[in-house]
Amino acid sequence: MAVLHSAPKFTLIEGLKDTLSSALGAMLVEAREEHGELSFTVQRDSIEDALRLLRDEHGYQQLMEIAGVDYPSRPERFEVVYMLLSITKNSRVMVKVTAAETTPVPTVTTLWPNAGWLEREVFDLYGVVFAGNADLRRILTDYGFEGHPFRKDFPLTGYVELRYSEEEQRVVYEPVELAQDLRSFDFMSPWEGADYVLPGDEKAHTPPVDEPKTTDTPKETGAGAKTDEKADEKVSAGSPAEEATGEDRTPAPEPTEDRADRPERKGDAQDTAAATEPKKTK
């Protein structure tokens, strides 16, 4: 038998944007549809009421995630994104609020207990303060960590580094020390080419010689009496072939052909120059 489930395979978002926008009313700042998903930006102080409305009246029962985004150029640089899931409708929506570094966001731990840890993650990584969270402590970084690593202005190398000290037999924290003394980074795309000459490339731009140089005197070529005398010296002096005596040398091989009993040549041919000259006609 086929089992029927109340939840559809997916929920069409056509018309859902207008339905939820009208339900949020004055709490809504902006509603957008991008990449097949719906996102609603609401007033920061009304985030608890907006999420309660979506949970109780529109079936978005679960809070799946709370994420942070940093836009340093904005007056309120942070966005806090709440991702909701409706199990009965198989639908997801995102609800956003904006906040500054010193502007607190109301907690939603009154709606979902799991929001406590999710808000701690956003606080730890971005520095967003959640008003009403009873346990707003760091959760991912170490004790005594300074700064918030997911902010765009946080250096990639950080401010401190840790290592194990053999002398103290424990892990110690120290200011970051970059081992490379001279740092010169080239951020130009490799296919565009650098604006400086790489080692070896200077030969490619060398102009051709207009007047080739010629050697006019023996001094310029290295020739002369001293060079001739040095050329007469045997390079192989002292080698075994030079020092070996006649007794040590291998004797010449025996002739392989004996022509003593060869019969005499027949005919008028003679081994004279006149024999090879053509005969003169009379």
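The values are calculated or read from the model by the stated rules, or taken from the named source; none is laboratory data. All of these numbers come straight from a predicted model, not from anything done at the bench. Neighbour counts are summed over all protein chains in view; Cβ atoms, including those assigned to glycine, are modelled from backbone coordinates with ideal geometry.
Within the range 73-95, track down each residue that is of a type in the set (Ser, Thr, Tyr) and under 21 Å from GLY15 (Cβ atoms).
SER86, THR88, SER91
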Quiz item: Can you name the residue in the range 46-58 that is touching a residue at least 40 places away in the same chain (Cβ under 8 Å) and not charged (D, E, K, R) and is also farthest from THR107 (Cα to Cα) among such residues?
Solution: LEU54
Practice problem: Just give me the residues in the range 95-110 being surrounded by fewer than 18 Cβ atoms within 10 Å (Cβ to Cβ) and of a type in the set (A, V, I, L, M), in sequence order. | Solution: ALA100
Quiz item: Being among the acidic types (Asp, Glu) and either at pLDDT 75 or above or touching a Cys at 6+ places or on another chain (Cβ under 6 Å) (or both), is that true of even one residue in the range 193-202?
Solution: no
Quiz item: Which pairs have Cβ atoms under 7 Å, sit 6 or more apart or on different chains, and link a residue in the range 149-167 that is modelled with pLDDT under 90 to one that is aromatic (Phe, Trp, Tyr)?
Solution: VAL160/TYR173; LEU162/TYR173
Practice problem: Please find, within the range 123-153, the residue that is nearest to the chain's Cα centre (by Cα) out of those that are among the small types (Gly, Ala, Ser) and assigned to a loop (DSSP other than H, G, I, E, B). | Solution: GLY147
Self-check item: Residue match in the range 59-72 (condition: at pLDDT below 95, over 25 Å from ARG32 (Cα atoms) and under 36 Å from the mean Cα position of the chain (by Cα))
Solution: no
Practice problem: Could you please find all residues in the range 112-127 being buried (at least 19 other Cβ atoms within 10 Å of the Cβ) and either among the hydroxyl-bearing types (Ser, Thr, Tyr) or more than 16 Å from ASP142 (Cα to Cα) (or both)? | Solution: ALA115, LEU118, GLU119, TYR126
Exercise. Say whether the condition of being surrounded by 15 or more Cβ atoms within 10 Å (Cβ to Cβ) and either over 20 Å from PRO113 (Cα atoms) or touching a residue at least 60 places away in the same chain (Cβ under 8 Å) (or both) is met by at least one residue in the range 59-67.
Key: no
